[in-house]
Amino acid sequence: MMSESKRVKELKLDIPLDLYSKLERLAREAGYSNVSEYVLSTLVNIISSTTSQLPEDLAKWRSRFERYIQDEVNKRLSIIDTLRSQVAELYERLDSIQQKITELDSEIREIRMRGVEVAEEAGEHPGTRKPYKTGIERLREEKVVFESKLPLRVQRDRLFAYFEREGAVVLKLAKERVAVDPDYWRDFKQKLLSLSSIVEEEIKKQLGDKGFELWKTLYTSNAIIYDSRARKWKFVLDGVP
């Protein structure tokens, strides 16, 4: 019985005579005794060559496909990385804005608390407001504003420049500045220059509490002196209005 490896199948071909003649010539040149053996050998070589190259072609196509897939993935990852960076930057900006909002909120609460404290010191109830008065209106009421008695939060240069623009008398003494209502200043000067005493009790009686405080500030700042011969007070401050 013929084994499986020895089994053969007969193949018949009808080919033109000129082609057969060429096959005979090729068979002789290749060292084959007949055309059948040459054709069989050629077919075996073709099939062997085709089957051996097929895996290489598949490997080449697979490599190209993998590179394509990797390139596309890298593009998508690059976009994701950019988005991730932008999101991180956005979060940082949001944190910064939130911090500023918190700081502003804290400042607003502090300002409100100061307002409540000032109102309580003035005898007002929180939530009630008095009609707004300008600085010059307050000066007309208080008559005199001493720089040394201003709260620390007040911008002194701006305030006294404002008083000067509004026509108030601003005395620039050695230790501090003093703003005086013009009408009160004229009355004060008239009373002071008519005084003939150096006794503080008499001076206070003539000038009143506010005028005595102004006199004492002028005196301790060497802005006025008492002329004992003329028995009168005199200004030594330059440019007294």
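Values in this text are rule-based calculations from the coordinates and carry no lab data. On a predicted model such as this, the values are computed, not experimentally measured, just so you know. Neighbour counts are summed over all protein chains in view; Cβ atoms, including those assigned to glycine, are modelled from backbone coordinates with ideal geometry.
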Legend entry - Potential lengthening between SER78 and SER221 on full extension [0.36 nm per residue; Cα-Cα distance subtracted]: 43.8 nm
Legend entry - Local electrostatic count at TYR226 - Lys and Arg +1, Asp and Glu -1, tallied over other residues with Cβ under 11 Å: +3
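Counting only other residues whose beta carbon sits under 12 Å from that of VAL170, what net charge do I get with K and R as +1, D and E as -1? It would help to have the intermediate numbers written out before the result.
Working: positive: ARG156, ARG165, LYS172, ARG177; negative: GLU147, ASP157, GLU164, GLU166, GLU176, ASP181.
Net of charged neighbours comes to -2.
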Legend entry - Computed over the stretch 138-235, Cα set: Rg, Dmax in Å: 13.9, 46
Legend entry - Candidate lysines for bridging to LYS133, where Cα separation is under 22 Å - those fewer than 8 sequence places away on the same chain excluded: LYS143, LYS149, LYS210
Inset, instruction - Multiply the residue separation of GLN98 and GLN70 by 0.36 nm, subtract the distance between their alpha-carbon atoms, and state the gained length in nm to one decimal. - result: 6.0 nm
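Report the extension gain between LEU11 and LYS191 in nm, rounded to one decimal, defined as 0.36 nm multiplied by the number of residues separating them, less their alpha carbon distance.
Values: separation 180, 0.36 × 180 = 64.80 nm, distance 14.84 nm.
Stretched out fully, the LEU11 to LYS191 stretch lengthens by 50.0 nm.
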